[in-house]
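Reading through the structure tokens given below for one structure.
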Amino acid sequence: MTAGESYRSPLLQREGAVAAESPDAGVAAHYGEPLREQRRLEEGVGFVDLSHRGVVRVSGPDRLTWLHSLTTQHLEQLPPGEGTTALLLSPHGHVEHCLALVDDGSAVWMHVEPGTAPRLVEFLDSMRFLMRVEVADVTDEIAVVWEPRTDGPTDVLSRQAADTLRGRDLFLPRARLAAYAEQAGPPAGLWAYEARRIAAHIPRAGFETDHRTIPNEVGWLDTAVHLNKGCYRGQETVARVHNLGRPPRRLVLLHLDGSVDRLPGHGAPVTHEGRDVGFVTSSGRHFDLGPVALALIRRSVPVEATLLADGVAAAQEVVVPPDIGLHVRPRLRG
């Protein structure tokens, strides 16, 4: 097995590489200078190794119609080369998978959270029925890397979408990963990539989600949900909350007190006036904004309130408005 719990990227052999922790084990958290790595990415230099992520390929003439019927996204007429994001929901509308996908004209390629590809393939296979599709876990063959640019030639499939952080994902044959790294410029670790993602308000499955998260709570309506398409599993919940507004929880960006030399971890409590009101989903040190975090909190928490994230004072920046719905939409940062 090339990628999985025991996976270790060849780029971890580079000087200064420090391995990330689960669920991102197997790739580098940083290469010795995380803030400098982040600044280089902002300048369009380098790349990020995401080769621990799972990759699934769906081929066959019915692939787009079939995925359209299963997911939150409008995929029937997806042009080759146009990237997008789709969600698979439970019957009750809770997020189960986030699919970062692109079609190459003969197959849909998608990358997913580390370790989730086998479960995704099992579900998709169970839904094939008489459709002319083939589903394959190609994680062993294909590695994902991210570049902070969208121009320049590439001979591999690339994906650009609203959630690719003004860059592009590359689906790279694993055998070429080391050679690619030699010519692609200095690498940046996941700490730099995650700080960029947090500042852009982009949710990540398994971080900004738990077992009861619905897309309306975390800002996925603009990037991963098409609100004017046919039925799919979980649609009733999404539509009802959208039409009525006011989802149970809302995603916020927290600007943390920089005088405290620690970051609250995933799942750390967020409190207001001594009461638990939510939890930290992701945190990082941004080269410009300082220490920041995303958190999922109760809709009823006043937007102007100062919160405590694991005891660290934090000012809110609204990502998902409390009254989000048919007439109020979130705005993702570029």
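The values are calculated or read from the model by the stated rules, or taken from the named source; none is laboratory data. Since the structure is predicted, the reported quantities are computational estimates derived from the model, not experimental observations. We place every Cβ from the backbone using ideal geometry, glycine too, and count neighbours over all the protein chains shown. Note: areas computed on protein heavy atoms with side chains; ligands, DNA, RNA excluded. Shrake-Rupley method; radii C 1.70, N 1.55, O 1.52, S 1.80 Å.
Things worth noting here:
- D140-V260 pseudo-label distance in nm [points 7 Å out on the Cα-to-Cβ vector]: 4.6
- Between H286, H211, H94, the residue with the greatest mean-square fluctuation in the GNM of the chain (Cα pairs under 10 Å linked by springs) is H211.
- In this structure, the amide hydrogen of T281, modeled 1.01 Å from its nitrogen in the peptide plane, lies closer than 5 angstrom to those of G267, L294, A295, L296, counting only residues at least 5 positions away or on a different chain.
- Per atom type, the chain shows carbon and sulfur on 50% of its accessible surface, probed at 1.4 Å.
- Computed from backbone phi with θ = phi - 60° and the Karplus coefficients 6.51, -1.76 and 1.60, the 3J(HN,Hα) list for segment 246-253 is 6, x, x, 9, 9, 7, 10, 9 Hz; x is used for glycine and proline.
- Extension gain, S126 to R246, is 39.8 nm, computed as 0.36 nm per intervening residue step minus the present C-alpha separation.
- Accessible area of segment 248-320 divided out per residue, in Å², using a probe of 1.4 angstrom: 42
- Sorted largest first by accessible area at a 1.4 angstrom probe radius, with every protein chain in place, the residues M127, M110 fall in the order M127, M110.
- For the peptides 229-238, 176-185, the ranking by mean Cβ contacts within 10 Å, running from highest to lowest, is 229-238, 176-185.
- Restricting the chymotrypsin sites (Phe, Trp or Tyr not before Pro) of segment 84-154 to loop positions (DSSP other than H, G, I, E, B) with no more than 10 neighbouring Cβ atoms within 10 Å leaves F129.
- Rounded, prolate or oblate (a/c below 1.5 giving rounded, otherwise prolate when a/b exceeds b/c) for segment 184-278 by Cα gyration tensor: oblate
- In Hz, Karplus ³J(HN,Hα) per residue of segment 43-55 (6.51, -1.76, 1.60; θ = phi - 60°; x = Gly, Pro): 8, x, 10, x, 6, 10, 7, 10, 6, 7, 6, x, 10
- For the chain, calculated [θ]222 nm from helices alone, where every DSSP H run of n ≥ 4 adds -39500 (n - 2.57): -4500 deg cm²/dmol
- Relative contact order computed over the chain (Cα-Cα under 8 Å; 6+ residues apart), in percent: 18
- Estimated inter-spin distance, N228 and A315, nm [label 7 Å along Cα→Cβ]: 3.9
- Taking W191, W66 and ordering them by how much accessible surface each has at a 1.4 Å probe, largest first, produces W191, W66.
- The chain: C-alpha gyration tensor shape, a/c 1.5 cut-off, then a/b vs b/c: oblate
- Whole-Hz couplings from phi, Karplus 6.51/-1.76/1.60, listed for segment 269-282; x for Gly and Pro: x, 10, 10, 9, 6, x, 10, 5, 10, x, 8, 6, 9, 8
- Probe 1.4 Å, accessible area per residue of segment 8-246, Å²: 41
- In percent, rounded to a whole number, the relative contact order of segment 180-264 is 29, using alpha-carbon pairs under 8 Å and six or more apart.
- Relative contact order for segment 99-254, counting Cα pairs under 8 Å that sit 6 or more residues apart, in percent: 15
- Max mean-square fluctuation residue, GNM over the chain, Cα-Cα springs under 10 Å, options R40, R240, R299: R240
- Highest mean packing first, where packing is the average number of other Cβ atoms within 10 Å per residue, the peptides 245-254, 74-83 line up as 245-254, 74-83.
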